[in-house]
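Only the coordinates and a few stated rules stand behind these numbers; no lab work does. These numbers were taken from a predicted model, which means no experiment stands behind them. Note that each Cβ is placed from the backbone with ideal geometry, even for glycine, and that neighbours are counted across all protein chains shown.
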Amino acid sequence: MNLQKRISAFLLTVVLIISVILTGCNNNSTATQKPTQASQQTETHKATEATTTTEAVIQTEPVGTSDSKVFDNAVIVGDSITLKLDYYCQANETPLKNSVFLPSGSLGWTNAQWDIDNEAAVHPTYKGSTVLVENCAEITGAKYVIIMLGMNDIGLYGIDDSISSAKSLIEKIKANSPEVKIYVESVTPILAGMQRENLNNENVRAFNEKLSDLTKELNVEYLDLYPLFADENGNLRDEYCGDPQAMGIHFTDAACELWADYLQKNVK
Amino acid sequence: MMKKIFLLFAVFVFSASVLCGCGQSNQNNKADAPPLKEVYTIIQNEVTLPDMLELKEKSDLEDYYGIKEDDVTDFYAAIDSSGVGQDEIVFVMAKDDASAGRVEECLNSRYDSKLKQNESYNPKEAAKIKKCSVKKNGNYVSMVISDDAEKIEQIYSNSVFV
């Protein structure tokens, strides 16, 4: 009898301990979950980085018609103006939809070369990871780089320093991916009433002229988009301006349609 | 007596194990919660939204946010298509709590990136972003950036959660 009581007491104690442990294992509170999630997230992040190159290689396999092949293998880099082109192409199923878009608001030739961990930098993201523009072809596996920057440089750094930054970045892309074909797009015009002291159409045109010369020097392609969107006075046409009450530089769908069509005809 | 004790022990351990398994997701979502696309339709009927680009494929989630397809059970995502306005609505039902954690991390990165990009040249939109946040509730993760974020999140919560 005494032995039975001892066994009973022992078993009940075991039951209590197990039930406490089981209840604890089910505790889904933030406090207990966070370390687990953090470690899983870190592992996932590392896995993403590790597989990026493989995924990029798969993307470079040519598919579709000859026209679309170019854009299946292209990376399109830019600022907030290019961001609109990205959304337009996704919504309208243009061949450019298959390109990798790396747009970032406020991006310019200069800040694109800041350190990747610079707090003030606005580097674009590729599949959720921050990337440097100079590595854009390597990371995405692209054979064509189409790049439009400058609107965020001209006003801040002036024309000559902006051109120096453009030269430096293009050289870095060429050095990192010597086999890629690089297309540099001109800066586009600004709405008439939105000219600023340093960022205005006169300076944009002067910048574009030097940018065109630079592309010849560096043996890369130049795409002069300015005339596509400018009226007879050299200002952005009203019908192409998506933010007439704000900055006067962003595009409408009609402008993006024209832009996408131009790229399809001129990137080969 | 011994047999009774052992039987009691076995039943208790089995019950505790079953309860532990059932509670893994610890969700408070409705059993009959509608697909997230339907939730968005309800929102569209009650809130005026700008023109939005709908992300239709799970692979779009990886392209724009780095969210892996394997982590997602259901989703709805749409982005202000103007490229200037920063409205963005993302609802994700993740496969499990760990997946939801990874989705939350991706959306937080997107949120930080949008805020940083807009702070220097687009202060109105940056202020809008600052008022909003990424939220995780069980296996569900959301990011609602809108002047009507509170109302949108209320509709979403009423549709999905108990």
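Miscellaneous remarks
- Kirkwood-based Rg to Rh ratio, the stretch A:167-249, C-alpha trace: 1.06
- Lys, Arg +1 and Asp, Glu -1 on Cβ, resulting dipole of the stretch A:93-199 about Cα centre, debye, nearest 20: 380 debye
- Partners for A:Lys174 among lysines (Cα-Cα distance below 20 Å; same-chain residues under 8 apart left out): A:Lys143, A:Lys210, A:Lys216, A:Lys268
- Using a Förster distance of 25 Å, the FRET efficiency for A:Glu119-B:Lys124 (Cβ separation, nearest 0.05): 0.65
- Around the amide H of A:Tyr222, modelled in the peptide plane, lie the amide H atoms of A:Val184, all under 5 Å away and 5 or more residues distant in sequence or on another chain.
- Debye, to nearest 20: dipole size of the stretch A:91-155, +1 on Lys, Arg Cβ, -1 on Asp, Glu Cβ: 320 debye
- Given their separation in residues at 0.36 nm each and the Cα-Cα distance between them, A:Ser212 and A:Asn198 gain 3.0 nm when the chain is fully extended.
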